[in-house]
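One structure is given here, and the rest of the page talks about it.
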Amino acid sequence: MASASTPPGAAPPASSSYSGHVPGFRARVAECNEITPADVATYTPLVVAGVEVGLMQRAFADALVAHGDGVFAMEEGKEDADASSPSSSSRSTIVTLDADATMTADARTAVVAPVMTSLRDAGVIEGWRDELFPVNAGYGSENLLLVERAAASLLGIRAYGVHVNGYVVMPDGSKELWVARRAKNKQTFPGKLDHVVAGGEFVPDWSPYDPASDAVSRGRTFLARLLSSGLPANMPPGTCVVKECEEEASMPPELAKNAKPVGVVTYNQNYNGCCKRDVLFCYDVELPEDFVPVPADGEVEGFERYTMERAMRTISQTTEFKTNCCVVIIDFFVRHGFVAPEEPGYAELVKSLRS
């Protein structure tokens, strides 16, 4: 089996068609990573039990406090000596929930729920899903509460996903990449090109919660039924990959289990003015030449195998791919040696893949 990356000491693929794409690649990453560190400083942090978990537009922060009087509080004028730091302690305004950290996660969930409902009724939160989403400081950290999913982007809380690069090593040693075409009736990015398998936000840990809690029970039910945007309780990313491969591309588990974790990409995206902060766990899986993925869940119209030249050209010269898929596939190009360090802008490109 061929290596999943360029072997140590091996030269990058010798083809002029692989060069000259860095400017286009940097443009695609910039489209997904629109919010700069300076922009981040303009958002209002949400601090739960002393832990910063979100970044909100000031208008939404004001509405949150107004509708959540006695639940959320605005604290002004707390400025750290190091004003260059992007942490909440260096910004002059923060919104707090359970500032004394005396409540349980279930209790926070319970008091926040009617605030979210009030914001919905006022037209501040749109697209209500009646689904719960976890709030925490980062992957592997304790969940602090659950909130209505439609509020997640407004709160600016971090989300996690898995993306899989499915590729084939051809008899001549070249590589080709399997690409999906999203269904035209998809609510988001209809008809765009996508990974062979990609799962959206998932929950890293549910252990702090009482299973008897009604809110948590609804959250578990919601998570268990999710396909491309969910992960059942305590399912690690690698297990999620195997599950998603079978459900989205009819990929047998014995093939999907060969997927190798190759790192993460991160970005801060402007989503309708909100700070969408995502962490994507990236996997590569080498597939047999005779394997053909088959749509299994209605999420995609079909799959097509792209040569590397075509994939690189499509990403660098068009916006046919779903935005965050571009970032993950560009990372694949870099790791597999299709982008040479000698190319102008190489270092800046690689740096931009980790916001």
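Assorted remarks:
- Nonpolar atom fraction for segment 23-178, defined as the carbon and sulfur part of the 1.4 Å probe accessible area, stands at 51 percent.
- Considering all different alpha carbon pairs of segment 230-343, the Kirkwood hydrodynamic radius works out to 16.1 Å.
- Whichever lysines have a C-alpha closer than 24 Å to that of K322, once near sequence neighbours (fewer than 8 apart) are set aside: K175, K184, K186, K192, K243, K260, K276, K351
- D100 accessible area, assembled protein chains, probe 1.4 Å, Å²: 130
- Put the Cα centre of segment 36-58 next to the Cα centre of segment 325-355 and the gap is 29 Å.
- Computed with a 1.4 Å probe on the full set of protein chains, the accessible area for R129 sits at about 120 Å².
- Full-stretch length increase - E142, S250 - with 0.36 nm per residue and alpha-carbon distance subtracted: 35.5 nm
- Fraction of the pair-distance distribution of segment 154-193 above 16 Å, Cα-Cα pairs, percent: 63
The values are calculated or read from the model by the stated rules, or taken from the named source; none is laboratory data. Keep in mind that this is a model prediction, so the values were computed, not measured. Please note that ligands, DNA and RNA were not included when accessible areas were found on the heavy atoms of the full protein model with its side chains. Shrake-Rupley method; radii C 1.70, N 1.55, O 1.52, S 1.80 Å.
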